[in-house]
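This report concerns only the one structure given below.
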Amino acid sequence: MIKITNGAYTYGSQTGFHDVNLQIQSGEAVCIMGPNGSGKSTLLKTIVGLFSLEKGKYVFNNQQIDKTFLSDSDNTGPFYQQFGFVFQNSDVQLFNTSVNDELAFGPEHLGLSKEDVQQRVNDCLKLLKIERLRDRVPYHLSGGEQKLVAIASVLTMNPDIIILDEPFNGLSPKYRALITQIVKQLHHAGKTIIISSHHFNQIRSLVDRVYVFSEDHTITREITADQLEEMPRFIDYLDNL
Ligand SMILES: Nc1ncnc2c1ncn2[C@@H]1O[C@H](COP(=O)(O)OP(=O)(O)OP(=O)(O)O)[C@@H](O)[C@H]1O
Ligand SMILES: [Mg+2]
């Protein structure tokens, strides 16, 4: 489904990532780990088509995703619709004047009826236990509240592939447990999950496979969750990145 071969992206003279090889099948749950600044967010933004590779190849469902593909809006609409992306910084994601409008924005653009949109909004507010935030201004919310609203606003679109960039940051243990439970349910329902994290134990029960970036901005390990369970010292390393 998602295949990147020898992929590289740079910001001017600053390397985002290089020589990255990654393959994710439909319905898998995968974690991207690695130190600060190693390239996780840049890779996730490339997968959803916010950046195009400068070197190498990205193929999504037999379609090459490159500058030409991404510059044609006939392509990008259906392509973007498959992904729900929760940004690492929620404040860049939220731009509506109420939480209700924020959650309604995505499904409204999918052409659903007003009633169906409101039903999805209500369901997601309830799922994330944030009904109390419905009429608040997203910009005024705390960091943790913004994160929950950002996750809810992605779930209202019911995308096939859910990408979460450090979703647990700033959340209390109670909400971390709730998000874990929701991501598990989504995975069991057949969604593809890609998640980045600095703490293996946070995502341990969620993922099938882990890709590990080094400080040198490239993926140096790919390992299954089952293999990891036999490697307590490596788990210790991955839990303290
Ligand atoms: N807009 C930008 N302009 C220039 N360099 C950038 C930009 N965004 C990221 N970088 C650089 O690209 C590299 C990879 O950054 P990225 O944000 O992908 O890392 P990360 O692994 O997500 O880090 P973190 O764990 O801190 O979120 C870093 O060296 C970073 O400084
Ligand atoms: Mg990041």
#### Entry: Rounded to 5, percent antiparallel among DSSP beta bridges of the chain
55 percent
### Charge tally in the Cβ shell below 14 Å around Asp135, where Lys, Arg are +1 and Asp, Glu are -1, Asp135 excluded
-1
#### Entry: For region 2-240, fraction of C-alpha pairs farther apart than 33 Å, in %
17 percent
### Query
Let a ≥ b ≥ c be the square roots of the eigenvalues of the Cα gyration tensor of region 35-122; is it rounded (a/c under 1.5), or, if not, prolate (a/b larger than b/c) or oblate?
oblate
### Task
Be a star and scan region 184-213 for residues whose amide nitrogen sits under 15 Å from the point 7 Å along the Cα-to-Cβ vector of Asp226.
207-210
### Message
Over region 2-240, what is the relative contact order in percent, taking alpha-carbon pairs closer than 8 angstrom and at least six residues apart?
### Response
28 percent
### Task
Rank by packing, highest mean first: peptides 32-43, 184-195, with packing defined as the count of other Cβ atoms within 10 Å averaged across residues.
32-43, 184-195
### Message
Can you give me the angle between helix 99-108 and the longest principal axis of the chain, using Cα atoms only, in degrees from 0 to 90, rounded to the nearest 10?
### Response
70 degrees
### Summary
Calculated from DSSP helices alone, with each H run of at least 4 adding -39500 (n - 2.57) and the total divided by the residues of the chain, [θ]222 nm to the nearest 500 comes to -10500 deg cm²/dmol
### Per-residue HN-Hα couplings for region 207-216 [Karplus 6.51, -1.76, 1.60; θ = phi - 60°; Hz; x = Gly/Pro]
10, 8, 8, 10, 9, 10, 7, 9, 4, 7
### Query
Among the lysines in the chain, how many pairs, 8 or more places apart or on different chains, have alpha carbons under 12 Å apart?
4
### Task
Calculate the dipole size of region 127-241 relative to its Cα centre from +1 charges on Lys and Arg beta carbons and -1 charges on Asp and Glu beta carbons; express the result in debye to the nearest 20.
620 debye
### Shape call, region 161-241: gyration tensor on alpha carbons, a/c limit 1.5
prolate
### Summary
Once normalised by the length of region 82-141, the mean sequence separation of its alpha carbon contacts under 8 Å that are 6 or more apart gives a contact order in percent of 46 percent
### Query
Could you give the angle, 0 to 90 degrees to the nearest 10, between helix 173-188's Cα long axis and the longest principal axis of the Cα atoms of the chain?
80 degrees
### Task
Positive end of the charge dipole of region 2-240 (Lys, Arg +1 and Asp, Glu -1 on Cβ, about the Cα centre): tell me which of Phe83, His188, Gly16 has its Cα farthest that way.
His188
### Query
By per-residue mean of other Cβ atoms within 10 Å, what is the highest-first order of 95-105, 126-136?
95-105, 126-136
### Task
Normalising by the residue count of region 10-71, find the relative contact order in percent from Cα pairs under 8 Å and 6+ residues apart.
24 percent
#### Entry: On Cα atoms only, tilt of 114-127 relative to the major axis of the chain in degrees
60 degrees
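Throughout, read-outs are computed from the coordinates displayed, never taken from laboratory work. Keep in mind that what you see is a predicted model, and the values were worked out from it rather than measured. As a convention, Cβ positions derive from the backbone with ideal geometry for all residues, glycine included, and neighbour counts pool all protein chains shown.
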